[in-house]
1. Within region 136-170, can you find the residues that are modelled with pLDDT under 75 and among the charged types (D, E, K, R)?
2. Of the residues that make up region 22-29, is at least one part of a loop (DSSP other than H, G, I, E, B), loosely packed, with under 13 Cβ neighbours inside 10 Å and free of Cβ contacts under 8 Å to residues at least 60 places away in the same chain?
3. Does any residue of region 87-102 turn out to be among the polar types (S, T, N, Q) and surrounded by 14 or more Cβ atoms within 10 Å (Cβ to Cβ)?
4. Please go through region 62-100 and pick out each residue that is closer than 21 Å to Y224 by Cβ, modelled with pLDDT of 95 or more, in a loop (DSSP other than H, G, I, E, B) and small (G, A, S).
5. Could you count how many residues in region 186-211 are outside any strand (DSSP E or B), touching a Lys or Arg at 6+ places or on another chain (Cβ under 8 Å) and modelled with pLDDT of 95 or more?
6. Taking into account only those residues within region 203-237 that are surrounded by 14 or more Cβ atoms within 10 Å (Cβ to Cβ) and polar (S, T, N, Q), which is nearest to G156 (Cα to Cα)?
Amino acid sequence: MRSGSDASNAGSGLGVPVHREGWRFILLFFGLSLLFGLLWRPLFGPGIVLTLWCAYFFRDPPRVTPLLPGAVVSPADGRVVSVTARVPPAELGLGAQPLPCISVFMSVFDVHVNRTPVPGRVVRRSYRPGRFFNAALDKASDDNERQGYVIEDDAGRRIGLVQIAGLIARRIVGFAEEGTVLHPGDRIGLIRFGSRCDVYLPQGIVPRVCVGQRTVAGETVIAYLDGPQVAVEGRRT
């Protein structure tokens, strides 16, 4: 059994931490910028802009994860687009009954490194090919390409995490294998260019976030597995 899952090996681009998965794209954009710039100088400037945008997209800033008993932290930066009860994907093996599910949508401007919502061991990892609908839509959970993890904590509770490809995202990268022991906030995967994460909670757990709320991966608490379960309502201000 392996321990830990901080698979970033982040480098540094222009003073901004960049995930290793992004360097091939950054170098590709930079190389093409040089090539096309030599062929026609006006193309060099736009190419450099695209190179800098690529570095920005693959940024991997450090996070401070609250070590609170029973806390479930958001796996993704983005916007909560759904808080509902949903039957989890069959490949997760979490049963056929609806479970509390929190969905976070990542736009192309959000950090796309995903983090572990709870401490525990990966007891299942699955992959299912699919379509590439807009990840903000409900049907994306059922129809889009996805990669799932089931994480079991020390109390035997199982939490499902599903990375879902989006309209632009065409590649899901996972860092944790079955048997990997994770700590809260560990990097668990990355989805390229716009996507979504669904978190499936045990029966009876009440989400602590609302639709429209912004989350920060590894920092925003989205639920508590321990203690009283209190529903949360939001108000736009």
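The values are calculated or read from the model by the stated rules, or taken from the named source; none is laboratory data. Quantities reported herein were computed from a predicted structural model and do not represent experimental measurements. Glycine gets a Cβ as well: all are built from the backbone with ideal geometry, and neighbour counts include every protein chain shown.
1. The answer is D138, K139, D142, D143, R170.
2. no
3. No, that holds for no residue.
4. Within region 62-100, S74, A76 meet the criteria.
5. Residues in region 186-211 being outside any strand (DSSP E or B), touching a Lys or Arg at 6+ places or on another chain (Cβ under 8 Å) and modelled with pLDDT of 95 or more: 2 in total.
6. Filtering region 203-237 for residues that are surrounded by 14 or more Cβ atoms within 10 Å (Cβ to Cβ) and polar (S, T, N, Q), the one nearest to G156 (Cα to Cα) comes out as Q229.
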